[in-house]
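What follows is one structure encoded as structure tokens, with my remarks underneath.
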Amino acid sequence: MRVVADTNTVISGLLWHGAPRQVSDAARDDIIELFTSTMLLAESDDVLHRGKFAGRLALVNVLPHELVFGYASLSTIVEPAVIRPAVLADPDDDAVLACASSVQAEVVVSGDSHLLELKEYKDIPILTAAELVTRISV
């Protein structure tokens, strides 16, 4: 299953346990294929440098770039497609959809309300991490 994960899901999976971590684990176990872009990796790095993550990063004894490199090695990095703006309330979310469109993803996984409200993009379902875990566990 070809999957593109939004930054919030990636970071949650890298720093905590739960459904987002199970998504990353599914990629490690070759149950799903993760795809990302340099733009999404840069966004992850930027977000991980925010002060609110400093304590968690210190607790797990890891630097932001180490997490980003680890995620990049777990994913296939692709050139995103050029798409029309789809998430007017949060244009940064279009980067996820552009990546998904370029690889003909089967699922976008996100915790972002703007993406989840779409429910799908070009016949690609947009699911929460928990919904994806349920789908791949069956």
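No value in this document is a laboratory result; all are computed from the given coordinates. Quantities reported herein were computed from a predicted structural model and do not represent experimental measurements.
Details
- Rounded to the nearest 10 degrees, the inclination of helix 64-74 to the longest alpha-carbon principal axis of the chain is 50 degrees.
- Selected from Thr76, Thr36, Thr128 as most flexible by GNM, with the chain as the system and alpha-carbon contacts under 10 Å: Thr76
- Principal-axis analysis of the Cα atoms of the chain puts helix 19-28 at an angle of about 90° to the longest axis.
- Computed Kirkwood radius, in angstrom, where 1/r is averaged over Cα pairs of the chain: 14.9
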